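Some notes on the structure that comes next.
The values are calculated or read from the model by the stated rules, or taken from the named source; none is laboratory data. For clarity, every value in this text was computed on a predicted model and none was experimentally measured. Every residue, glycine among them, receives a Cβ derived from its backbone with ideal geometry; neighbour counts consider all protein chains shown. The area values use the complete protein model at the heavy-atom level, side chains included, leaving out ligands, DNA and RNA. Shrake-Rupley method; radii C 1.70, N 1.55, O 1.52, S 1.80 Å.
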Amino acid sequence: MTVAIGINGFGRIGRSLMRIVGAGPETGLTVVAINDVAPVERLAYALRRDSLRGGFPGKVAARPDYLVVNGRPIRAFNESSPRQIPWSAVGADVVIEATGQFRSGDLARMHITHGGARKVVVSASATDPDAFLVYGANQHTYDPARHDVVSPASCGVNALTVMAKVLLDRFGLRQVSTSVVLSAQGWQRVHDATSGTSRDDPRLGRATNESIVPHDHVVGDLVRVVLPRLGEIRYSYYCVPTPIGSLAELSGQAERPLTVEEINSAMAEAAAGSLLGVLAYDPDPTVSIDVKGNPASCLFDPSGTQATADGGLKVRGWFDNEWGFSHRLLDLARLVGGEHPALPLARHAWSVV
């Protein structure tokens, strides 16, 4: 069975989704339609040429009402509201809501109630979805009878959650603090702006390349929602002026004293086993650009592991906030679309013991 998906919003995430499905190996997914306020000729150009990802590894063209990818026509709608997008007319099973504008459960649900799709996956930390599902942690809790609008939270939450999952299951974990350092976001501006930013915070309109910008609206506590046993979490997020590659750090208290070697071994085993494709492991000293193009939710960096005599610990992982997150969105699309896959899309070669 192939799951037919529609993509609402052809920005950084929308184009990453199209690149994965359109130019990658067999995914069990087909993009049947795209909706964006930009004309289809502009969508084709943006897919063909990308300053960070490079050229599209295939052929992309535009014709009236269609984006043509490797010879296959994909219906292109040009609507500003989910109320007006006829997903059922093109047979879309699942809509991936990637505009960043319709992140609430009620607004995203219009793709179902008005557009005729069966399920919606929101590409953000949604407000009041039917479920938050983080692949590798709690996707098994998906209930098709109750969960029509789902969210994988955010790229940073995914990176933190897979590391927390390993630590929680193997060693117990409490008193958790997290920190995420995000590469430049698509909604940020080169110069200071007073409108059009992601949230109602004047700092998020400040010039991207000039400052480290706190991002207090990203909900780091969603790690706890996915893994309730963790208890209360302290968290922080910052946007920094690097083009690609982000950082996640987590500290906490284990049930017993651990060594650095024990912690790293647990992560390596999970990356090669139960979390293959979701957690990756790189024994080399790494920097942010090294994670570019990695489809895992988190590339664990063993050089950042710390352990104290009283059971305290700290771990570090990198993530490509567009590419890894887009793979998880597609994993969820396959899940809610009816295939219930046992394994994630990405089974990455960087996962080593």
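Measuring how big the range 1-113 is from its alpha-carbon positions, Rg and Dmax come out at 13.2, 38 Å. Put simply, when 245-252, 134-141, 116-123 are sorted by average Cβ atoms within 10 angstrom per residue, most first, you get 116-123, 245-252, 134-141.
Net charge within 9 Å of L230 by Cβ-Cβ distance, Lys/Arg positive one each and Asp/Glu negative one each, not counting L230 itself? Its environment carries a net charge of +2. With the simple spin-label model, which puts each label point 7 Å out from Cα in the Cβ direction, the S265 to H114 separation comes to 5.7 nm. Peptides 223-233, 324-334 ranked from most to least packed, by the mean per-residue count of other Cβ atoms within 10 Å: 324-334, 223-233. Note the angle between two axes, namely the Cα long axis of helix 155-171 and the longest principal axis of the Cα atoms of the chain, as a number of degrees from 0 to 90, rounded to the nearest 10. Around 40 degrees separate the two axes. For Q306, the shell of other residues with beta-carbons less than 13 Å away shows a net charge of -3, using +1 for Lys and Arg and -1 for Asp and Glu.
Distant-in-sequence amide contacts of R206, defined by a placed amide H-H separation under 5 Å and a gap of 5 or more residues or a different chain, comprise A193. If you line up the long axis of helix 260-272 against the longest principal axis of the chain, both from Cα atoms, how many degrees apart are they, to the nearest 10? With both axes taken from Cα atoms, the answer is about 30 degrees. Just the protein heavy atoms count here, and of the accessible area of the chain at 1.4 Å, carbon and sulfur take up 50 percent. Out of every Cα-Cα pair in the chain, what percent are more than 36 Å apart? Tail of the P(r) past 36 Å holds 17 percent of the pairs.
The trypsin sites (Lys or Arg not before Pro) of the range 1-98 that meet both conditions, a loop assignment by DSSP and at most 14 other Cβ atoms within 10 Å of the site Cβ, are R49, K59. Let me test this: with uniform point scatterers at the alpha carbons of the range 132-259, what is the Debye-based log₁₀ I(q)/I(0) at q = 0.17, 0.20, 0.21 1/Å? Result of the Debye calculation: -0.91, -1.09, -1.14. Applying a threshold of 27 Å to the alpha-carbon distances of K119/K292; K292/K314; K119/K314 flags K119/K292; K119/K314 as lying beyond it.
Taking the C-alpha atoms only, the angle from helix 323-334 to the longest principal axis of the chain is near 70 degrees. Here the spin labels are modelled as points 7 Å beyond Cα on the Cα-Cβ line, and at D216 and A272 they lie 4.5 nm apart.
Using the Cβ-Cβ distance between M1 and K59 with R0 set to 45 Å, the FRET efficiency from 1/(1 + (r/R0)^6) comes to roughly 0.95.
Modelled this way, with points 7 Å down the Cα-to-C-beta line, the labels at V68 and A145 are 4.7 nm from one another. Rounded to whole Å, the principal axis extents of the Cα atoms in the range 201-278 read 43, 28, 23, largest first. Under 15 Å of direct C-alpha separation, and excluding same-chain neighbours fewer than eight residues apart, K59 reaches these aspartates and glutamates: E41, D50.
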